[in-house]
Amino acid sequence: MNRPALLHKPLAALVLIAAGLPAAANEGSASATLSIEGVIKPKPCNPQFDNGGKINFGSLDLSKLANGNAPIKVGERNVEFQVFCAQAAKVRVRVRDERPNTAIPSVSMLDERFHYGLGRNGENKVGSYHIKILAAGTAGNGDVVTMSASDDANGSWHAPADAYAASDRWLAWSHTGDHMPGAFKTFKMALAVQVHLPPIDQLNLGEDIRLDGASTFELKYE
């Protein structure tokens with residue numbers, strides 16, 4: 001009869017020890033933190049020109065283009081610039097001259113900032129070209145929109161009085177009636193490239209005069 005009583009004591013002791021573990025754990029504390037980090041980048045917007053962005057004026061007869069001692073307007077060619085984004089984004093574009101310090105501002109009435117260089121013919125500057133934005137060709141998501149411009153470091157936007165690209169000007173697509181950049185997935189801008197040369201008596205006619213203009217369309221989007 002005494003053996004069962006002896007068996008109960010160890011069992012009771014085990015129960016008391018197990019019940020006492022949580023109380024002992026509360027006397028101190030410790031923790032470990034799981035931190036989740038990383039950057040998910042949206043797929044970049046893809047800009048492109050029709051015809052690969054190449055404008056060829058071909059072979060020109062200066063004697064037919066010359067107008068006395070006045071600057072020579074070589075002609076105008078249209079090109080379309082488009083941007084495709086994976087998701088709606090506010091896109092702005094700036095056009096950088098890749099032939100800096102070769103433009104001749106006197107060949108047209110436009111302000112100097114709207115002139116892009118055509119390279120050099122030996123030591124002589126060849127001329128200038130302008131990049132005009134054609135209002136009828138602007139679109140966002142296929143809808144007609146307006147082009148806005150920012151000409152200062154404060155990022156204020158307005159309808160440009162002169163619808164031309166400049167190295168110090170940002171251009172953006174905006175909803176009609178609003179000058180702030182709008183969010184779209186697709187963008188289209190029709191451009192007219194206008195080429196001007198100085199008067200014929202200022203040109204070196206002893207050799208071919210090659211037009212060598214190049215500009216980079218720099219995108220920013222958010």
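List of remarks:
- Unsatisfied cross-links (Cα-Cα over 22 Å) in the set 125/188; 54/185; 54/90; 54/188: 125/188; 54/185; 54/90
- Measuring r between the beta carbons of residue 77 and residue 106 and using R0 = 25 Å, the FRET efficiency lands at 0.65.
- Here the range 76-131 has an Rg and Dmax of 15.0, 48 Å, counting Cα atoms alone.
- Rounded to whole Hz, the Karplus (6.51, -1.76, 1.60) HN-Hα couplings of the range 55-62, x for glycine and proline: 10, 10, 8, x, 8, 10, 9, 4
- Long-range amide H partners of residue 57 with built H, under 5 Å: none
- Using alpha-carbon coordinates, inclination of helix 2-25 to the longest axis of the chain, degrees: 30 degrees
- Sparsely packed loop sites in the range 86-149 (the GluC sites (Glu not before Pro) outside DSSP H, G, I, E and B with at most 14 other Cβ atoms within 10 Å) comprise 98, 123.
- Accessible-area composition of the range 73-222, carbon plus sulfur, in percent [1.4 Å probe]: 46 percent
- Across all directions, the average projected area of the convex hull around the alpha carbons of the chain is 25.3 nm².
- Modelled FRET efficiency - R0 41 Å, residue 201 with residue 161, Cβ distances, 0.05 increments: 0.75
- Per residue accessible area of the range 70-222, 1.4 Å probe, in Å²: 49 Å²
The values are calculated or read from the model by the stated rules, or taken from the named source; none is laboratory data. What you are looking at is a predicted structure, and each value in this text was computed from that prediction instead of being measured. Glycine also receives a Cβ, built like all others from the backbone with ideal geometry; neighbour counts cover every protein chain displayed. These accessible areas exclude ligands, DNA and RNA; they are computed on the full protein's heavy atoms, side chains included. Shrake-Rupley method; radii C 1.70, N 1.55, O 1.52, S 1.80 Å.
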